[in-house]
Amino acid sequence: MFSIRSLVAVAVAAIGLSGAARAAEPEPHLSAFGSMAEFRAHIDHAGQDPSGPACPADWPECAEDGYLTDEIIVTGSRVTAPSITNNQEAGVDEGGIVKMRGDTLVILRRGRLFTVDTSGDGLRPVDSINAWAPGPTPEEAEDAWYDEMLVVDDWVVVIGYAYGRDATEINRFRLDRRGSIRFVDSHLLSSNDYYSSRNYASRLVGRDLVLYTPGEIDTADEALTGAPQLIRWRNGRRGEAQTILVPESVYRAPTSPEGRPELEALHVVTRCDLTRPRLTCDATAILGSWSRTFYVAPDATYVWMTGSDRYNGPQRLSHALVYRVPLDGSAPTAARVLGAPTDQFSFAEDRTAGVLRVLVRSEGDGDAMWRPEFSEGSAALLTLPLTRFGDGAHGPDPADYRMLGTLPDNAWRMVNRFTPHHALFTVSAPGTAAGGDGLTLLTAVPLSGGATTELLLSGRVERIEPVGNDALIISRGANSLLFETLNLAADVRQTRFSGPRITHTYELEGANGAETRSHAFFYQPDADSPGGERGIMGLPVIPEREEGTGLFEQAADMAFLRRRGDRVVPVGELVSDPEGQEDDGCQVSCVDWYGDARPIFVAGRVFALLGYELVEGVEVKGRLGERRRVSFAPRSANAPQD
């Protein structure tokens, strides 16, 4: 089931054809529309069959029977404080539920913002405020969800989605030195639902908010009327709409190999300077298919759009386009590719090597709501030179792909991650989905070439986390969590490196991971361990789920462990006290879709955010115990008063 299948003879011929076909250099970038009339004509006539060829002229092999099958992909900034978020990229902060500014922790939970002061070795709740704009009643705001928060200078920004208004909300607050917080303004950005079971909608690069939002297309007028206009709300009043997307900022998608453009959605990358007194934004949009996955690097956003058309029947591979949208506002570029990434962790831009690396599958449907959780088809590693980005007119080059074999039929969950020198991915067998018992195949692919390594693991892998130059694999067993150290690099204790291997497994019995989102985990290397060989980590856990207990209904505890070379050892848990919490009177966004627990390491101190509690721990002789805790829970209007 897990064996890597050899390439078929047609692969060799296909690679040779492709190499001969890429003589012409691509255009420098995509072309934008010159006017609203031009944009309207393009949208309104997209359904007519063109008379052009079925495949790009320089890609004759795409029409050959058997060239693409379901078994193979291709044949042949400025830092103002230490980050407390488990971000994918250095210098790119991701919207989360807890951030730090100076000595103040800012927490987003159940439609409210809270601040906690940690100065002077203390721990003291300071302030709280609704995460939505004043004006709308709770009934009017009840269909809105506020899940992501960013902090830059003394600005706190909450990102939410309002289903009743079909818009992304950007709500801004100011934070003073004492931790008091006040509302400034709110903006609506017309869009479809951005929610993903894995990805985050917002990023912060320097002072700029980078926001990806999709918009479904029916007609040209609806496409631009519904796509982002920035509407400012202040003092409960709706201001005038600010046009941030004009036809000259909308770029044509290259024609698909079937000869027609993909016109299912408008994919918009918005950039806003969050620190200006009056929020200013600009946007770049690309027409394309609905299925998408996006990733933000320090200087560009990448949007991968998988086509709705498949070659040679429904079992064949989808064509795709990956777009590079520079964050400096310059014109986007595109490259024609094949397959589909699983999520944002399928991408890794390497500016030094001048490449974009992407782990792709032959079957995939983007990273929107729950879609990344199912895996089938085959896998490959794409190493795409950044010079390949242009107008997207040329066909994929098979030499860019390294085949990694077929995936199990009806596999449950693919987890993938890049480390400095490897691409890693796991797929759990179908029987592993419902429970933890079962087997998972881990594949380690050296980025510099050389043989891949396959390791069969117990349980269902829930996360792969880079830990120094190595990786930590966290899996769910039948009634336990497994922490497995994956050694990926030689160290001073080894005379020679024999390849990736599991060097140690620690089993935390009677526990499950509380959530699978990347922000739930954090690893803090020791200050005297520059290679990350030693450090402390935290992960929220829950006991074995009780029968009849629904998602998000069990309070999490925080398990802390230490990495000591190849070993992972427990140091203790900080536990929640849900019985001591009163009704919070929640009115809006009352489900913690992004979880409610985070490990926090700052200035040598260890904290666990557990619902409405912040618990501080202290480590003595290798054991972590509770030092103090505070509750910042709001009191319901119906709760008895002191």
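Structure above, values below:
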| quantity | calculated |
| --- | --- |
| Surface accessible to a 1.4 Å probe, LEU609 within the full protein complex, Å² | 0 |
| Residue-count net charge about GLY102 - beta-carbon cut-off 13 Å; Lys, Arg +1, Asp, Glu -1 | -1 |
| Sequence ranges 455-466, 344-355, ranked by mean other-Cβ count within 10 angstrom, highest first | 455-466, 344-355 |
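The values are calculated or read from the model by the stated rules, or taken from the named source; none is laboratory data. Values in this document were obtained by computation on a predicted structure and should not be read as measured data. Heads up, the Cβs are rebuilt from the backbone with ideal geometry, glycines too, and the neighbour counts pull from every protein chain shown. Note: areas computed on protein heavy atoms with side chains; ligands, DNA, RNA excluded. Shrake-Rupley method; radii C 1.70, N 1.55, O 1.52, S 1.80 Å.
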